[in-house]
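These notes concern the structure reproduced below.
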Amino acid sequence: MQTKLHLAVFAALATAAASALADKPVWPSLMVHLHGSGHAYLVDPTTDAVVADLETCKGGTLGTTTPDGKKVYVSCAAEGQTEVVVLDLDKKAVVKRIATGNRPKHALASPDGQWVGVNHWGLDGGKLRVSFVDPATDEIAKVVELPVGGEAKGVTSMHNSWSNDSRYFFTLDRVDQELAVIDTKDWSVRELKVSSQPHYAVPSPDGKELWLVLEGTDKEHPPEVVVYGLGDMAVKTTLKMPVEGESAIEGHHGNFTQDGKYFLVLNRGPGKALEGHKVAVYDAATKALVTQFDTASTGIGHAYNAPDGRYTMITNYGNNVVTIVDLETLKPVKDLMMGTGRMGHTAYTPDGRFAYVSNDGDGNLFKVDMQTLEPVAEIKTGGAKGGGQVLNVWTNVFEELPR
């Protein structure tokens with residue numbers, strides 16, 4: 001009896017381990033560089049050769065990889081665009097174009113791979129549309145339309161995220177300054193008013209909180225992070241970002257370090273005043289400000305974590321410098337100048353040895369050795385203005401890799 005019990009326990013543990021392994025996102029063998037001119041360049045990181053040039057759409061600079069690593073969904077955000085373009089990485093081909101609404105902003109696959117949620121930069125029939133695509137069929141399975149009370153000025157939404165259990169989809173209503181929480185169990189919607197334009201919602205690694213970055217307006221009303229409890233979406237605390245020494249104020253992205261200990265918030269600056277260079281670091285548990293520092297990178301927007309969690313790479317909208325931050329000391333350790341335009345996005349090889357960084361002005365990729373912290377190659381992808389997101393593995397938000 002005891003032997004049978006031990007075997008049963010072992011079998012259960014083995015099944016659980018296999019399930020957990022199967023649930024981990026798959027790292028594709030290709031880097032995908034999305035380009036605003038309407039192309040997706042597939043790069044083999046073992047040779048740094050462009051192995052496919054796929055026609056996507058105008059404004060197709062952001063996308064999502066499915067957790068199984070098989071597809072990439074590209075959002076066509078330019079004026080007049082309505083489609084999400086589906087790339088099959090095995091076939092190295094465009095396999096579907098899905099009309100989802102007015103200017104798709106940022107398609108995002110759910111952690112369980114059951115949905116691709118798509119918000120939009122334009123209104124549809126006076127409402128903010130969120131389309132949910134079934135990746136098994138690449139058909140729209142559900143549409144949720146959020147009424148807006150204000151007048152739409154500029155873009156109407158921004159970035160999305162999913163709760164860790166794939167139940168809740170978080171999107172942003174910038175017309176009425178609200179966080180929208182869509183429950184995919186019953187498709188109910190909860191909208192929460194905030195004090196300034198919402199930009200980026202990040203679930204905590206333990207799945208218990210949502211940290212929402214607000215842009216702020218000026219030094220009297222600086223960027224904030226509103227921390228919600230995911231159980232009842234009650235506000236637990238609000239963190240005000242220090243902006244001493246900043247000539248331009250607008251909070252952009254924030255993300256947790258790979259070990260979940262810290263949350264980094266970046267001040268970018270608004271419109272054409274892309275001059276922000278301050279990073280604030282908060283303790284994820286206590287919510288206390290741990291440190292703050294300035295970067296040589298300006299108009300900073302994103303902090304891309306390396307797979308091993310040792311470094312994060314600060315990319316930007318203002319200049320052609322990326323700042324590398326040591327996450328053990330929480331201090332900048334290297335500034336790299338590459339290309340002629342802004343350095344926008346980063347993706348890493350699975351072992352973390354190399355980073356691929358996009359340059360908007362050149363339209364090309366720059367390869368950085370993460371051991372020497374030096375650029376080692378430039379890969380011609382586009383050769384003209386418009387370089388956008390670089391992606392391979394699935395991520396819930398831009399800068400946090402699978403843990």
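No lab work stands behind these numbers, since they all come straight from the coordinates. The structure presented is a predicted model; accordingly, all values stated were derived computationally and were not measured. FYI the Cβ positions are ideal-geometry reconstructions off the backbone, even for glycines, and counts take in every protein chain you see.
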- [ ] With respect to ALA107, determine if the residue is under 21 Å from ASN392 (Cβ atoms) and either in contact (Cβ under 8 Å) with a residue 60 or more places away in the chain or under 16 Å from the mean Cα position of the chain (by Cα) (or both).
- [x] yes
- [ ] Could you please find all residues in the stretch 191-210 being within 14 Å of GLY254 (Cα to Cα), small (Gly, Ala, Ser) and not in a strand (DSSP E or B)?
- [x] SER204
Task: Single condition VAL51 does not satisfy, out of (1) β-branched (Val, Ile, Thr); (2) outside any loop (DSSP other than H, G, I, E, B); (3) over 20 Å from the mean Cα position of the chain (by Cα); (4) more than 21 Å from GLY387 (Cα to Cα) - done: (4)
TODO: Quickly run through the stretch 142-166 and pick out the residues that are within 17 Å of ALA109 (Cβ to Cβ) and hydroxyl-bearing (Ser, Thr, Tyr).
DONE: SER161, SER163, SER166
